[in-house]
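A.B. asks: Questions regarding the structure given below will be posed in turn.
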Amino acid sequence: MNRQLSTIRTDEPALAQKVAFLSRPATYPSAPAVTPRETHMSWVFLAGDTVYKLKKPVRFSYLNFSTLERRRAACQAELRLNRRLAPDVYLDVVPLTLSAGGLSIGGDGLTVDWLVAMRRLNESQTLENAILEQRVQPRQLDRLAATLVKFYRQATPVFLAAAVLLQDWQQNRLYNRRVLFDPRCGVPSGLITRIDAVQRRFLSSHSELLADRLRNRRIVDGHGDMRPEHIWLDDPVKVIDCLEFNPRLRAVDPFDEIAFLSLECEILGAAWVGKYIQHRVARQMRDRVPQSLFLFYRCQRATLRARLAIAHMLEPNPRTPEKWPRLARAYLRVAAADGRQLERCL
């Protein structure tokens, strides 16, 4: 039977049926237990030595996984892009098929979805866990910095008009402001006004710094989601889960990503880790961005993360609803502190 889905069938399994099937140990040849995990856009199944990721059939303003073909393309992009920083982790894209005997991974039935197959990693080796357990060592950060420098040097430059880049920054600022001002969020309006004012001032008076980065080919096809939970401090270092679904979200200045990583380390209670990585990367790349630009990147990233936390809270049925207000406040405290430093620079 042809694996490609050419017509809509009413007897195809719903997402809940796929999740139930992939959550059973009997589905896999050698998995004594399966740990399913739900994210905003996917279901992830830890099955023995292998991990399978199933994308949800969702559609948002920034991604569209609503059709089988779109999910297949997203899985293939995830495999290709993540092999840049984790070549031995991302194994294959495999079909989830349906036949008379039911669902199976692979097989000759009708393809009803696609899965990204990955090698399972030891989660104790993430930068996040190392920070939380206070066992980060400088030599590990040296390896990470060297890995990132090599990645950014080899990354493909992104060509945009400066006006488009600056318009994107302005639109992001306005969107953050609009969501955070929602009265349901309970965020002090004065705090948002102060953070937004310094970002607006930077974009008004120092936009040339951003345009220079673009003209000097410093905007590249990067990772897009450089967080400690995605970084494994093995030797060699591995970084997983790049943003495969929207190339514009991966079009970044490397120091925007380093600012993001620095922010996330601080949120975890280890600001020194972010500062160490920043200085090592800047020295090895021989590319020291102005402090005002780095602070703008951090301030904007913190505001964005607060907005995303609030957006989760405002969903009809949010997962872990108690988490998001606390996290939003933590990010806004960092955004405000960075905003005050940025104001002094300006």
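A.B. asks: Could you figure out which of (1) closer than 15 Å to L141 by Cα; (2) of a type in the set (V, I, T); (3) surrounded by fewer than 23 Cβ atoms within 10 Å (Cβ to Cβ) isn't true of I240?
C.D. replies: Just one mismatch for I240, condition (1).
A.B. asks: Pairs needed: first member in the range 279-293, in contact (Cβ under 8 Å) with a residue 12 or more places away in the chain and open to solvent by 20 Å² or more (accessible area, probe 1.4 Å); second member anywhere, of a type in the set (F, W, Y) and part of a helix (DSSP H, G or I); C-beta distance under 7 Å; at least 6 residues apart or different chains.
C.D. replies: Qualifying pairs under 7 Å: M285/Y152; V289/F255.
A.B. asks: Restricting to the range 118-134, count the residues that are surrounded by fewer than 14 Cβ atoms within 10 Å (Cβ to Cβ), in contact with a strand residue (DSSP E or B) (Cβ under 9 Å, 6 or more places away or on another chain) and part of a helix (DSSP H, G or I).
C.D. replies: 1
A.B. asks: I'm trying to understand the selection: among the residues of the range 195-216, which are open to solvent by less than 30 Å² (accessible area, probe 1.4 Å) and hydrophobic (A, V, I, L, M, F, W, C)?
C.D. replies: I195, V198, F202, L203, L210, A211, L214
A.B. asks: Okay, next question. I need the full set of residues from the range 59-95 which are among the acidic types (D, E) and open to solvent by 10 Å² or more (accessible area, probe 1.4 Å), in order please.
C.D. replies: Filtering the range 59-95 down to residues among the acidic types (D, E) leaves 69, 78, 88, 92.
Across the range 59-95, the qualifying residues are E69, D88, D92.
A.B. asks: Just to be sure I understand, how many residues within the range 96-112 are in contact with a Gly (Cβ under 7 Å, 6 or more places away or on another chain) and open to solvent by 10 Å² or more (accessible area, probe 1.4 Å)? Outline the logic, then answer.
C.D. replies: Kept after step one, since they are in contact with a Gly (Cβ under 7 Å, 6 or more places away or on another chain), are these residues of the range 96-112: 97-99.
Restricting the remaining residues to those that are open to solvent by 10 Å² or more (accessible area, probe 1.4 Å) gives 98-99.
Count: 2.
A.B. asks: Restricting to the range 135-175, give me the number of residues that are open to solvent by 40 Å² or more (accessible area, probe 1.4 Å), in contact (Cβ under 8 Å) with a residue 60 or more places away in the chain and over 19 Å from L85 (Cα atoms).
C.D. replies: Qualifying residue count for the region: 5.
A.B. asks: Determine, yes or no, whether L214 is in a helix (DSSP H, G or I), closer than 20 Å to V149 by Cα and either touching a residue at least 24 places away in the same chain (Cβ under 8 Å) or in contact with a helix residue (DSSP H, G or I) (Cβ under 6 Å, 6 or more places away or on another chain) (or both).
C.D. replies: Numbers: in a helix (DSSP H, G or I): yes; closer than 20 Å to V149 by Cα: yes; either touching a residue at least 24 places away in the same chain (Cβ under 8 Å) or in contact with a helix residue (DSSP H, G or I) (Cβ under 6 Å, 6 or more places away or on another chain) (or both): yes.
Spelling it out, L214 is indeed in a helix (DSSP H, G or I), closer than 20 Å to V149 by Cα and either touching a residue at least 24 places away in the same chain (Cβ under 8 Å) or in contact with a helix residue (DSSP H, G or I) (Cβ under 6 Å, 6 or more places away or on another chain) (or both).
A.B. asks: Looking only at the range 69-99, filter to residues that are part of a strand (DSSP E or B) and among the polar types (S, T, N, Q); which one of those is modelled with the lowest pLDDT?
C.D. replies: In this case the residue turns out to be S99.
A.B. asks: Among the residues of the range 36-65, write down those that are of a type in the set (V, I, T) and part of a strand (DSSP E or B). Outline the logic, then answer.
C.D. replies: Narrowing the range 36-65 to residues of a type in the set (V, I, T): 39, 44, 50-51, 58.
Within the range 36-65, V44, T50, V51 meet the criteria.
A.B. asks: Being over 21 Å from V34 (Cα atoms) and charged (D, E, K, R) is the requirement here; does R84 meet it? Walk me through how you get there before you give the answer.
C.D. replies: Working: over 21 Å from V34 (Cα atoms): yes; charged (D, E, K, R): yes.
Yes, satisfied.
The values are calculated or read from the model by the stated rules, or taken from the named source; none is laboratory data. For clarity, every value in this text was computed on a predicted model and none was experimentally measured. As a convention, Cβ positions derive from the backbone with ideal geometry for all residues, glycine included, and neighbour counts pool all protein chains shown. Calculation scope for accessible area: heavy atoms of the full protein, side chains included, ligands and nucleic acids excluded. Shrake-Rupley method; radii C 1.70, N 1.55, O 1.52, S 1.80 Å.
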